[in-house]
Amino acid sequence: MEVLLLNEDTIAAVATGLGGAGIGIIRISGAKAIEIGNALFKNPKGKTLVDAASHQLLYGKMIDPITKKDIDEVLISKMKAPHSYTAEDIVEINCHGGIVPLRKILGLVIKAGARLAEPGEFTKRAFLNGRLDLAQAESVIDIINAKTEKSLEYSVAQLEGRLSQKLEELDSTLVGILAHMEVNIDYPEYDIEEISYEFIHNAVLKLIKTIEGLLLVAETGKIYREGITTAILGEPNVGKSSLLNTLLMENKAIVTEIPGTTRDTIEEYINIEGIPFKIIDTAGIRETDNVVEKIGVERSKKLLNQTNLVVFMRDVSKPISPGEQELLELLKNRKTIYIANKTDAIGNDDQDIEPPWIPMSLIKEQGIDLLKSKMVEMVYDGTVNQDADYLITNARHIHLLEETRESLENAIATMKTSMPIELVSIDIMNALESLRGITGKAVGIDIINQIFKNFCIGK
Amino acid sequence: MTYLGGDYDVVVIGAGHAGSEAALATARLGCKTLLLTLNLDSVAMMPCNPSIGGTGKGHLVREIDALGGEMGKNIDATMIQSKMLNTGKGPAVHSLRAQADKKDYQFRMKEVIENQDNLLLKQQEATEILVENGEIIGVKVHTGAVYPCKAAIICSGTYLKGRIFIGEVQYDGGPNGLFPAMSLSDSLEENGIALQRFKTGTPARVDAKTLDYSKMVIQEGDAHIVPFSFETDRIDINQVPCYLTYTNLETHRIINENMERSPLYTGDVTGVGPRYCPSIETKVVRFKDKDRHQIFIEPEGLTTNEAYVQGMSSSLPEDVQIALYRTVPGMENVEFMRSAYAIEYDCIHPTRLKPSLESKDIKGLFFGGQINGTSGYEEAAAQGLIAGINAAQYLQREQPFIIDRSEAYIGVLIDDIITKGVDEPYRMMTSRSEYRLLLRQDNADLRLTPMGHEVGLISDERYEKFLAKKAAIENEMVRIAQVIVKPTNENNEILNSLNSSEIKHGVALSELIRRPEIKYLQTKNFDSDRPQLHWSVIEQVEVQLKYEGYIKKQLLQVEQFKKLENKYIPNGLDFSSIGGLRIEAIEKLQEIKPQSIGQASRISGVSPADLSVLLIALEQRRRKPENNKGENKND
């Protein structure tokens, strides 16, 4: 049974809506909350969360403990048990960086040992720990029921199609391996071939590869939800601002407009065929440093590292400049869409513009639809449920897939040290249990059924 | 005409493997016990294979022994061959199995029972249970005698409305040519106990002098015999071999041609059979692509020619049986002494039992063995022992004796059948345990002897001996952690010879023994002051060192498991009064009446959301002041 019944572990979730609000709060509750928060937090004066007073805000930065990189500026606070909502130790991290750093921090919190909270779980803990009165209990039950059903719906929706097919494949391979291992263990004297470590090893490696593929897809899904960070690059006066304005004007669903993590750029959200794009407007750069040489290749590189997609724009009525040449060089191995703007200025010569360049005339409003379809095409080719809860469900799946992979890696390590088969079977069983966490199917009896289905045994 | 036959604390119905353990346990725990059997010559009879133990089952025997049961001692005294299975794998799945001299096994058990204080063994057929106000008050037998009692344990095996199938030949009968018990089923049903129909089968017994062993592969026992019982020091016997042979396409042809004469396929047998004991016809039909199946010839004893033909259980007509047996190499001229048959019988729904094996419907009535929908001598004995202990606890108004899934295979067995129910005869397999690495056969004594002592079935003398073994293991673990092996050329040469990597600085001996390729006994040259230790102590030291990391991981899982097991659900809780539970969950919970959140979590049809709701409801109840009195644990 899932550990969610126990209140001993530490849970975490984004406490504010994910609608793109400027400030987000991540809440961690449980015995390890302070330890986890502390490990990720850095205060300029060296104050730690452990030593901080309860219920006081502390300013600092969240850092990735492995890469040591700053994620975001935050205000952090701890609420010592039992003086908190759940009556457990709680840490709240207020960050302002929007959805991207919010997710990143949540990811780090989970990596550091917290578990993603189930729907209604903070409230449930609050109740079980005596923070809510009896009258409120009924509504807690409703919350759990409603949210469980809702998240199940999302799970099911998500599990349709390719993903579920993949999971099914993983599942049946694992069940097959386990049944074979178990029949060897429980029926040693029957003439059933002994499953070899070589066979298990190869099968497990294949499974790991499949899971990594799925995680990659999940990663795409993640990008998809948060918005694809897109930069419009090009020399001054080629028409970048006009392009952005055109896209923005057409797009009534501007999600938000907030200062980015780099103070001299502006992030704009636009929506093309349901896909959110976070456009990094380099207009800010141009205005502060009017000469492209001054922007420098270094600056562009830095910007490029934060983007998923680049729209490179040049003015076709002018020859390619050395600066543009240099930028084009930088863009070689990136997802880039090349725009040849100002076709109106070269008359009929636009016939000569060859792919990958997309001819465009912002004045004549030509080429914009082509760009948009190219943007969509280059990222993904479908539509996705945009509900905020989708993110949570998905994160749970990612977490379980990662657990599955970890157990499989353990299986390989166990085999490498020549440990006996019943220990390898523990790892494989753990992998299957994690995988089944996604679908909620029970494990035990399946293996035994598989044994009797696949093997002829018995006196 | 009825008459009063005498008052007893406990009446045990059936003297097979479950009934024998049950009656011995109650008598040894001070209860005046009557043990009823249909036939005094069938006490502790083995109507199927002549062996005790095997994968999972060997674990059960070890556990029965550690709790003070008789089965381990009985097989140690009467075995004619012994084998440790799975020695090519790790210690968690090593499994002991011994071939028994069947008659010897029966006679010794009968002798132990006859000589047990507080216990009377009688040949009488129990026909009725007497119930008053939902409580057992007596048992009536076919002669008219009535035995008033405070508790009864039903261990009726496959006798209830037993029906035998040998092809078209079908008749009411018990196993092995014995009479069935035709009346007790009705009495159970009249008292509200629902029954279901199960089926099992057994192969023919053949005359060994008509077998040609030269065409078979000999299967010897182990050179070193490991006893089942802690109390058995060593077993020195001349072992008798078994033999392996195979069916062939001719065998399968005969089966296929006569399939319409098999009651399994004509629909005459309606009972549910076990998938792990398929008849030869089932194997041939289900696994068409296999062109041969294994057949083991096992002797039934030292003083008989009867041999058991494992792998050839069948309900085909006798003439077909003989024809197909004679296609097997070495059996061309085989003569039958008893033919193969299928048997159908009544059993209860084990979900109607509490973890103590007491009926949820009738107070003081306990059930053990095949009547509970299980299969196998060892499974039966384990339940008989637990039912016996709990009948005694019940009479002495003590808490029920319950072993959980993390403590023993016995716990897995009972929890499985009472929580999930059975849809075929239940057989133990090591894969049924979540904590296989902890529930080893080699540490059954360490796991359970303290419980057996506490309950009163393990003598102080044996307990002292057990404590000494435990101390020896602990001392040796400490000692070898302090023995430092120096990186001398001599030592590294020894390591080389063991295909192990050299050491560059001093290393604790225990660290070397951790290496998979190094055995404790091979490290004697590093260890000049090594004490003389019993092999079973060395075994524990070695296992505990080599698998420490994995054992620790499982212990953590057990910790989580225990937390849920310890969240008790009060007796008599009306699940339908809890708002928010789904209807399916309410039905299942009302039927099973789980005693803890942990048990509830193992019921199929109860979801995590249901459990959350249940937890909240329990907390709600706990906080209501009127519920705060004495309701934290149930009976």
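Any read-out appearing in this document is the output of simple, stated calculations on the displayed coordinates, not a laboratory observation. Small disclaimer: the values here were computed from a predicted structure and weren't measured. For neighbour counting, all protein chains shown are included, and Cβ atoms are generated from backbone atoms with ideal geometry for every residue, glycine included.
The figures follow:
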read-out	value
Chain B, helix-only ellipticity at 222 nm - DSSP H runs n ≥ 4, -39,500 (n - 2.57), divided by all residues, nearest 500	-10500 deg cm²/dmol
Reachable aspartates and glutamates, given that their alpha-carbon falls under 16 Å from the alpha-carbon of B:K283 and they are not under 8 places away in the same chain	A:D191, B:E250, B:E257, B:E260, B:D291
Out-of-range pairs (alpha-carbon distance over 19 Å; input A:K209/A:K278; A:K32/A:K111; A:K278/A:K332; B:K73/B:K103; A:K240/A:K372)	A:K209/A:K278; A:K278/A:K332
A:E194-B:E493 FRET efficiency (beta carbon distance; Förster radius 45 Å; 0.05 resolution)	0.85
18 Å Cα-Cα reach of B:K122 towards lysines, excluding residues that sit fewer than 8 places from it in its own chain	B:K32, B:K110, B:K140
Contour excess over end-to-end distance, with Cα ends at A:N202 and A:D51 and 0.36 nm allotted per residue	49.4 nm
Label-point gap, in nm, between B:H142 and A:E377 - each point 7 angstrom along Cα→Cβ	8.8 nm
Separation of alpha-carbon centers, region B:517-579 and region B:238-283, rounded to whole Å	41 Å
Net charge over other residues, Cβ less than 14 angstrom from the Cβ of B:Y213 (K, R count +1; D, E count -1)	-3
Cα principal axis extents for the protein assembly as shown, largest first, Å	115, 72, 71
Local electrostatic count at B:T303 - Lys and Arg +1, Asp and Glu -1, tallied over other residues with Cβ under 13 Å	-2
Taking chain B and dividing mean pair separation by its residue count, relative contact order in percent (alpha carbons under 8 Å, at least six apart)	16 percent
Alpha carbon centroid spacing (whole Å) that separates region B:40-70 from region B:168-224	16 Å
For B:C155, B:C242, order by how many other beta-carbon atoms lie within 10 Å, fewest first	B:C242, B:C155
Average beta carbon contacts from partner chains per residue of B:283-296, 10 Å cutoff	2
Separation in nanometres of the label points that stand 7 Å from Cα toward Cβ, at A:L75 and B:N256	8.2 nm
Relative exposure of B:V240, B:V141, judged by other C-beta atoms within 10 Å (fewest first)	B:V240, B:V141
Length-normalised contact order of region A:62-106 in % [C-alpha pairs under 8 Å, at least 6 apart]	33 percent
Averaged over B:86-98, number of beta-carbon atoms from partner chains that fall within 10 Å	4
Sequence-separation-based contact order of region B:221-372, relative, with Cα cut under 8 Å and 6+ spacing, percent	22 percent
For B:R97, B:R234, order by how many other beta-carbon atoms lie within 10 Å, fewest first	B:R234, B:R97
Gyration tensor verdict on chain B (Cα atoms; rounded if a/c is under 1.5, prolate if a/b is larger than b/c, oblate otherwise)	oblate
Listed pairs A:K416/B:K563; A:K124/A:K206; A:K453/B:K57; B:K89/B:K469 exceeding 32 Å between Cα atoms	A:K416/B:K563; A:K124/A:K206
Per-pair calculated FRET efficiency, R0 = 56 Å: B:K486 and B:D361 via Cβ, rounded to 0.05	0.20
Shielding by other protein chains, A:424-431, mean Cβ within 10 Å	3
Cα-based reach from A:K104 at 12 Å (exclusive), listing aspartates and glutamates while leaving out same-chain residues under 8 positions away	A:D64, A:D70, A:D72, A:E226
Kirkwood hydrodynamic radius of region B:566-627, from inverse mean 1/r over distinct Cα pairs, in Å	11.5 Å
